[in-house]
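See below for the structure under consideration.
The values are calculated or read from the model by the stated rules, or taken from the named source; none is laboratory data. Being a predicted model, the structure only gives us computed values, none of them experimental. Heads up, the Cβs are rebuilt from the backbone with ideal geometry, glycines too, and the neighbour counts pull from every protein chain shown. The accessibility values were calculated without ligands, DNA or RNA, using every heavy atom of the protein model including side chains. Shrake-Rupley method; radii C 1.70, N 1.55, O 1.52, S 1.80 Å.
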Amino acid sequence: MIKLKPLINKFFLLKKNISHINKFILHNRTYLKKKFVNNDNKVLVEFNSFTSNHVILSNLANIYSTKYSAKVESFFNYSLTSSPAYFGLKRNIKWYLGILFSLGFFKIYKSFNIKKFIKPRINKIIANEAKLILDNILNNLRSNEDILKVKIKDIYVGDLIQDGYMYYKKIPKVNFKNLEFKNYLYDFISIFLYWEDYLNKNNIKAVIGVHATYAYGIIFRIAVSKNIDAVLNIGGKIHKLSNKNKYQNIEYKFFREIFNNFTENDKVEALKISDYFLKKRFLGKTSAEINEYRITTSPFSLP
(Lines give C-alpha, C1' and ligand atoms only; values in the text may rest on other atoms or scores of the structure.)
Protein backbone atom coordinates (compact mmCIF):
# COMPACT_ATOMS: atom_id res chain seq x y z
CA MET A 1 0.00 0.00 0.00
CA ILE A 2 1.35 3.41 -0.97
CA LYS A 3 2.00 5.69 2.00
CA LEU A 4 0.50 9.06 1.17
CA LYS A 5 2.18 11.19 3.82
CA PRO A 6 5.76 10.95 2.40
CA LEU A 7 4.42 11.73 -1.10
CA ILE A 8 2.44 14.71 0.19
CA ASN A 9 5.52 15.99 2.05
CA LYS A 10 7.63 15.65 -1.09
CA PHE A 11 5.01 17.52 -3.12
CA PHE A 12 4.89 20.44 -0.71
CA LEU A 13 8.71 20.53 -0.47
CA LEU A 14 8.95 20.63 -4.29
CA LYS A 15 6.33 23.38 -4.40
CA LYS A 16 8.25 25.36 -1.77
CA ASN A 17 11.54 24.96 -3.68
CA ILE A 18 9.96 26.08 -6.95
CA SER A 19 8.55 29.13 -5.18
CA HIS A 20 12.01 30.03 -3.78
CA ILE A 21 13.62 29.59 -7.21
CA ASN A 22 11.02 31.80 -8.92
CA LYS A 23 11.43 34.51 -6.27
CA PHE A 24 15.22 34.42 -6.70
CA ILE A 25 14.94 34.67 -10.47
CA LEU A 26 12.46 37.53 -10.19
CA HIS A 27 14.82 39.30 -7.78
CA ASN A 28 17.73 38.95 -10.22
CA ARG A 29 15.68 40.15 -13.18
CA THR A 30 14.55 43.15 -11.16
CA TYR A 31 17.83 44.23 -9.59
CA LEU A 32 20.53 42.82 -11.86
CA LYS A 33 19.76 45.06 -14.79
CA LYS A 34 20.91 44.02 -18.23
CA LYS A 35 23.78 46.16 -19.45
CA PHE A 36 24.71 47.04 -22.98
CA VAL A 37 28.36 46.15 -23.36
CA ASN A 38 30.20 47.48 -26.41
CA ASN A 39 33.57 45.81 -25.86
CA ASP A 40 35.17 42.37 -25.56
CA ASN A 41 35.56 42.35 -21.77
CA LYS A 42 34.28 39.19 -20.08
CA VAL A 43 33.72 37.94 -16.54
CA LEU A 44 33.51 34.19 -15.93
CA VAL A 45 31.31 32.78 -13.16
CA GLU A 46 31.30 29.10 -12.24
CA PHE A 47 28.23 27.04 -13.19
CA ASN A 48 27.24 24.76 -10.32
CA SER A 49 24.32 23.33 -8.33
CA PHE A 50 25.40 24.83 -4.99
CA THR A 51 22.22 26.78 -4.28
CA SER A 52 23.69 28.24 -1.09
CA ASN A 53 26.29 30.05 -3.23
CA HIS A 54 24.03 31.36 -5.98
CA VAL A 55 22.97 34.56 -4.23
CA ILE A 56 26.57 35.66 -3.67
CA LEU A 57 27.77 34.41 -7.09
CA SER A 58 25.02 36.36 -8.86
CA ASN A 59 25.94 39.55 -7.02
CA LEU A 60 29.68 39.07 -7.58
CA ALA A 61 29.05 38.52 -11.29
CA ASN A 62 27.00 41.72 -11.42
CA ILE A 63 29.58 43.74 -9.46
CA TYR A 64 32.49 42.66 -11.67
CA SER A 65 30.40 43.06 -14.82
CA THR A 66 29.70 46.66 -13.79
CA LYS A 67 33.30 47.31 -12.72
CA TYR A 68 34.75 46.22 -16.05
CA SER A 69 31.73 46.93 -18.28
CA ALA A 70 31.92 43.24 -19.19
CA LYS A 71 29.70 40.45 -20.47
CA VAL A 72 29.21 37.54 -18.08
CA GLU A 73 29.78 33.94 -19.15
CA SER A 74 29.40 30.79 -17.08
CA PHE A 75 31.89 27.94 -17.07
CA PHE A 76 31.75 24.28 -16.07
CA ASN A 77 34.52 23.52 -13.56
CA TYR A 78 33.84 19.99 -12.32
CA SER A 79 36.01 17.98 -14.69
CA LEU A 80 38.17 15.49 -12.76
CA THR A 81 36.37 16.21 -9.48
CA SER A 82 32.75 15.05 -9.59
CA SER A 83 32.73 14.54 -13.35
CA PRO A 84 34.95 12.86 -15.99
CA ALA A 85 37.34 15.10 -17.92
CA TYR A 86 34.98 15.48 -20.88
CA PHE A 87 31.29 14.94 -21.57
CA GLY A 88 30.04 11.89 -23.45
CA LEU A 89 27.31 12.09 -26.08
CA LYS A 90 24.40 11.74 -23.62
CA ARG A 91 25.80 14.38 -21.26
CA ASN A 92 26.47 16.76 -24.14
CA ILE A 93 22.88 16.42 -25.34
CA LYS A 94 21.58 17.19 -21.84
CA TRP A 95 23.95 20.16 -21.57
CA TYR A 96 22.86 21.80 -24.83
CA LEU A 97 19.15 21.05 -24.29
CA GLY A 98 19.46 22.58 -20.83
CA ILE A 99 20.91 25.77 -22.33
CA LEU A 100 18.39 25.90 -25.19
CA PHE A 101 15.28 25.40 -23.05
CA SER A 102 16.57 27.02 -19.83
CA LEU A 103 16.21 23.82 -17.83
CA GLY A 104 17.28 23.34 -14.21
CA PHE A 105 20.11 25.57 -13.08
CA PHE A 106 20.53 27.08 -16.55
CA LYS A 107 17.33 29.03 -15.91
CA ILE A 108 18.75 30.38 -12.65
CA TYR A 109 22.08 31.35 -14.22
CA LYS A 110 20.39 33.10 -17.13
CA SER A 111 18.79 35.38 -14.52
CA PHE A 112 22.39 36.52 -13.76
CA ASN A 113 22.34 37.99 -17.32
CA ILE A 114 24.38 35.05 -18.62
CA LYS A 115 23.84 33.99 -22.21
CA LYS A 116 26.88 31.82 -22.89
CA PHE A 117 27.92 28.61 -21.09
CA ILE A 118 31.32 27.03 -21.74
CA LYS A 119 33.02 23.78 -20.78
CA PRO A 120 36.44 22.27 -21.55
CA ARG A 121 36.78 20.36 -24.79
CA ILE A 122 39.81 18.81 -26.41
CA ASN A 123 41.08 19.24 -29.97
CA LYS A 124 44.05 17.79 -31.85
CA ILE A 125 46.37 20.69 -30.96
CA ILE A 126 45.63 20.33 -27.23
CA ALA A 127 45.87 16.53 -27.41
CA ASN A 128 49.31 16.63 -29.06
CA GLU A 129 50.70 19.28 -26.69
CA ALA A 130 49.29 17.46 -23.67
CA LYS A 131 51.10 14.28 -24.73
CA LEU A 132 54.44 16.11 -25.01
CA ILE A 133 54.00 17.76 -21.59
CA LEU A 134 52.93 14.44 -20.06
CA ASP A 135 56.03 12.66 -21.35
CA ASN A 136 58.26 15.44 -20.03
CA ILE A 137 56.66 15.35 -16.57
CA LEU A 138 56.79 11.56 -16.31
CA ASN A 139 60.43 11.53 -17.38
CA ASN A 140 61.25 13.80 -14.44
CA LEU A 141 59.32 11.90 -11.78
CA ARG A 142 61.60 9.80 -9.57
CA SER A 143 59.24 9.41 -6.63
CA ASN A 144 55.71 10.27 -5.56
CA GLU A 145 57.09 13.32 -3.75
CA ASP A 146 58.23 14.76 -7.10
CA ILE A 147 54.57 15.22 -8.10
CA LEU A 148 54.41 18.20 -5.75
CA LYS A 149 57.14 19.93 -7.78
CA VAL A 150 55.27 19.77 -11.10
CA LYS A 151 54.75 22.94 -13.12
CA ILE A 152 52.93 23.38 -16.41
CA LYS A 153 53.93 26.41 -18.48
CA ASP A 154 55.87 27.67 -15.43
CA ILE A 155 52.71 27.60 -13.28
CA TYR A 156 52.92 25.49 -10.13
CA VAL A 157 50.17 22.83 -10.11
CA GLY A 158 51.79 19.91 -8.27
CA ASP A 159 49.50 20.26 -5.24
CA LEU A 160 46.41 20.33 -7.46
CA ILE A 161 47.54 17.16 -9.25
CA GLN A 162 48.37 15.16 -6.12
CA ASP A 163 45.37 16.23 -4.03
CA GLY A 164 43.07 16.15 -7.04
CA TYR A 165 43.97 12.59 -7.99
CA MET A 166 43.43 11.28 -4.46
CA TYR A 167 40.12 13.15 -4.24
CA TYR A 168 38.89 11.99 -7.65
CA LYS A 169 39.86 8.36 -7.17
CA LYS A 170 39.04 8.29 -3.43
CA ILE A 171 42.42 6.78 -2.52
CA PRO A 172 44.88 7.63 0.30
CA LYS A 173 48.08 7.96 -1.75
CA VAL A 174 49.44 8.35 -5.28
CA ASN A 175 51.59 5.92 -7.23
CA PHE A 176 53.16 7.88 -10.09
CA LYS A 177 53.88 4.64 -11.99
CA ASN A 178 50.22 3.65 -12.00
CA LEU A 179 48.50 3.77 -15.43
CA GLU A 180 45.38 5.32 -13.88
CA PHE A 181 47.48 8.18 -12.54
CA LYS A 182 49.12 8.72 -15.93
CA ASN A 183 45.69 8.86 -17.59
CA TYR A 184 44.49 11.33 -14.95
CA LEU A 185 47.60 13.46 -15.43
CA TYR A 186 47.04 13.55 -19.20
CA ASP A 187 43.45 14.71 -18.71
CA PHE A 188 44.59 17.28 -16.12
CA ILE A 189 47.15 18.70 -18.57
CA SER A 190 44.65 18.86 -21.42
CA ILE A 191 42.13 20.76 -19.25
CA PHE A 192 44.94 23.11 -18.18
CA LEU A 193 45.79 23.76 -21.85
CA TYR A 194 42.13 24.39 -22.70
CA TRP A 195 41.73 27.05 -20.00
CA GLU A 196 45.12 28.60 -20.73
CA ASP A 197 44.14 28.96 -24.38
CA TYR A 198 40.72 30.35 -23.48
CA LEU A 199 42.16 32.97 -21.11
CA ASN A 200 44.78 33.90 -23.72
CA LYS A 201 42.25 34.37 -26.53
CA ASN A 202 39.59 36.22 -24.52
CA ASN A 203 39.73 39.47 -22.60
CA ILE A 204 38.85 37.96 -19.23
CA LYS A 205 38.72 40.47 -16.37
CA ALA A 206 37.64 38.19 -13.52
CA VAL A 207 37.04 34.51 -12.77
CA ILE A 208 34.50 33.86 -10.01
CA GLY A 209 33.90 30.47 -8.41
CA VAL A 210 33.75 28.36 -5.27
CA HIS A 211 36.77 26.06 -4.95
CA ALA A 212 40.44 26.53 -5.86
CA THR A 213 41.58 23.08 -4.70
CA TYR A 214 41.95 19.81 -6.65
CA ALA A 215 41.27 20.18 -10.40
CA TYR A 216 38.82 22.97 -9.57
CA GLY A 217 41.87 25.16 -9.05
CA ILE A 218 43.31 24.88 -12.57
CA ILE A 219 41.54 27.91 -14.06
CA PHE A 220 42.18 30.01 -10.93
CA ARG A 221 45.89 29.18 -10.86
CA ILE A 222 46.18 30.28 -14.51
CA ALA A 223 44.09 33.41 -13.89
CA VAL A 224 46.35 34.46 -11.00
CA SER A 225 49.44 34.02 -13.19
CA LYS A 226 47.88 36.43 -15.71
CA ASN A 227 46.86 38.98 -13.05
CA ILE A 228 43.19 38.31 -13.70
CA ASP A 229 40.94 38.85 -10.67
CA ALA A 230 40.30 35.42 -9.12
CA VAL A 231 37.47 35.48 -6.58
CA LEU A 232 35.97 32.65 -4.55
CA ASN A 233 32.88 32.35 -2.41
CA ILE A 234 32.41 29.47 0.01
CA GLY A 235 30.67 29.30 3.34
CA GLY A 236 29.48 32.88 2.92
CA LYS A 237 33.08 34.12 2.79
CA ILE A 238 34.79 35.87 -0.11
CA HIS A 239 38.42 35.06 -0.95
CA LYS A 240 40.50 36.90 -3.52
CA LEU A 241 43.56 35.05 -4.81
CA SER A 242 46.77 36.68 -5.96
CA ASN A 243 50.41 35.83 -6.68
CA LYS A 244 51.11 36.51 -3.01
CA ASN A 245 48.06 34.57 -1.86
CA LYS A 246 47.52 31.65 -4.27
CA TYR A 247 45.64 29.39 -1.88
CA GLN A 248 42.09 29.46 -0.65
CA ASN A 249 41.61 29.77 3.14
CA ILE A 250 45.21 30.88 3.64
CA GLU A 251 44.14 34.05 5.45
CA TYR A 252 44.81 32.32 8.78
CA LYS A 253 48.46 33.24 8.23
CA PHE A 254 47.51 36.88 8.73
CA PHE A 255 45.28 36.40 11.78
CA ARG A 256 47.99 37.32 14.31
CA GLU A 257 48.88 40.48 12.38
CA ILE A 258 45.21 41.48 12.08
CA PHE A 259 44.54 40.69 15.74
CA ASN A 260 47.52 42.79 16.87
CA ASN A 261 46.00 45.81 15.10
CA PHE A 262 42.81 45.56 17.15
CA THR A 263 42.17 47.85 20.10
CA GLU A 264 42.38 46.18 23.52
CA ASN A 265 38.59 46.19 23.82
CA ASP A 266 38.21 44.63 20.36
CA LYS A 267 40.75 41.94 21.25
CA VAL A 268 38.72 40.97 24.32
CA GLU A 269 35.50 40.91 22.28
CA ALA A 270 37.12 38.88 19.46
CA LEU A 271 38.36 36.25 21.93
CA LYS A 272 34.88 35.97 23.43
CA ILE A 273 33.31 35.46 19.99
CA SER A 274 35.89 32.86 18.94
CA ASP A 275 35.50 31.02 22.26
CA TYR A 276 31.73 30.94 21.75
CA PHE A 277 31.92 29.45 18.24
CA LEU A 278 34.68 26.97 19.14
CA LYS A 279 32.63 25.58 22.02
CA LYS A 280 29.61 25.24 19.73
CA ARG A 281 31.76 23.47 17.14
CA PHE A 282 33.11 20.95 19.64
CA LEU A 283 29.54 20.27 20.77
CA GLY A 284 28.74 19.20 17.20
CA LYS A 285 26.61 22.21 16.28
CA THR A 286 26.17 23.12 12.62
CA SER A 287 25.29 25.89 10.16
CA ALA A 288 24.51 29.36 11.58
CA GLU A 289 25.22 28.10 15.10
CA ILE A 290 28.92 27.93 14.25
CA ASN A 291 28.96 30.66 11.57
CA GLU A 292 29.53 28.06 8.81
CA TYR A 293 26.23 27.63 6.97
CA ARG A 294 27.61 25.03 4.50
CA ILE A 295 28.25 22.58 7.38
CA THR A 296 24.85 20.96 7.80
CA THR A 297 25.81 17.61 9.36
CA SER A 298 27.33 17.21 12.81
CA PRO A 299 30.68 15.37 12.85
CA PHE A 300 29.30 13.43 15.82
CA SER A 301 26.19 12.17 14.00
CA LEU A 302 25.91 8.49 13.15
CA PRO A 303 26.37 7.46 9.49
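Based on the Kirkwood approach, the hydrodynamic radius assigned to the chain is 21.9 Å, with every pair of different Cα atoms included.
Net charge within 15 Å of residue 10 by Cβ-Cβ distance, Lys/Arg positive one each and Asp/Glu negative one each, not counting residue 10 itself? The answer is +4. Which residue, 222, 191, 133, tops the fluctuation ranking in a GNM of the chain built on C-alpha contacts under 10 Å? Of 222, 191, 133, the most mobile in the Gaussian network model is 133.
Using a cut-off of 11 Å between beta-carbons, work out the net charge of the residues near residue 25 (Lys and Arg +1, Asp and Glu -1, residue 25 not included). Mind showing how you got there, number by number?
Details: positive: 23, 29, 107, 110; negative: none.
Taking every other residue near residue 25 into account, the sum is +4.
Normalised per residue, the accessible area of the stretch 1-119 is 63 Å², obtained with a 1.4 Å probe and no contribution from ligands, DNA or RNA.
For the chain, a Gaussian network of Cα nodes joined below 10 Å ranks 142, 121, 221 by mean-square fluctuation, and the top entry is 142. The Cα-based radius of gyration and maximum Cα-Cα distance (Dmax) for the stretch 93-172 are 18.3, 51 Å. Rounded, prolate or oblate: pick one for the stretch 25-174, where a ≥ b ≥ c are the square roots of the eigenvalues of its C-alpha gyration tensor, a/c under 1.5 means rounded, and failing that, prolate if a/b is larger than b/c, else oblate. Since a/c reaches 1.5 and a/b is larger than b/c, the shape of the stretch 25-174 is classed as prolate. Here, the stretch 148-249 is characterised by an Rg to Rh ratio of 0.97, where Rg is the alpha-carbon radius of gyration and Rh the Kirkwood radius.
Pick out which of 97, 57, 199 has the largest mean-square fluctuation in a Gaussian network model of the chain, springs linking Cα atoms closer than 10 Å. Maximum among the listed residues: 97.
Of the residues 283, 192, 38, the one whose Cα sits farthest toward the positive end of the charge dipole of the chain, with +1 on the Cβ of Lys and Arg and -1 on the Cβ of Asp and Glu, is 38.
For the stretch 180-303, pairs of C-alpha atoms spaced more than 23 angstrom apart make up 52 percent of the total. Look at the Cα gyration tensor of the stretch 234-303: its axes a ≥ b ≥ c give a/c of at least 1.5 with a/b at or below b/c, and that counts as oblate. 3J(HN,Hα) along the stretch 73-81, derived from phi through the Karplus expression 6.51 cos²θ - 1.76 cosθ + 1.60 where θ = phi - 60°, amounts to 10, 10, 10, 7, 10, 10, 5, 6, 10 Hz, with x in place of Gly and Pro. Specify whether the C-alpha gyration tensor of the stretch 1-103 places it in the rounded, prolate or oblate class, a ≥ b ≥ c being the square roots of the eigenvalues: rounded for a/c under 1.5, otherwise prolate if a/b is larger than b/c and oblate if not. It comes out oblate by the Cα gyration axes. Here the accessible area is traced with a 1.4 Å probe on the protein chains. For the stretch 190-287, carbon and sulfur cover 52 percent of it.
Centre-to-centre separation between the Cα atoms of the stretch 1-52 and those of the stretch 95-159: 27 Å. Between the amide H of residue 41 and those of 71, distances stay under 5 Å, these residues lying 5 or more places away or on another chain, with hydrogens modeled in the peptide plane.
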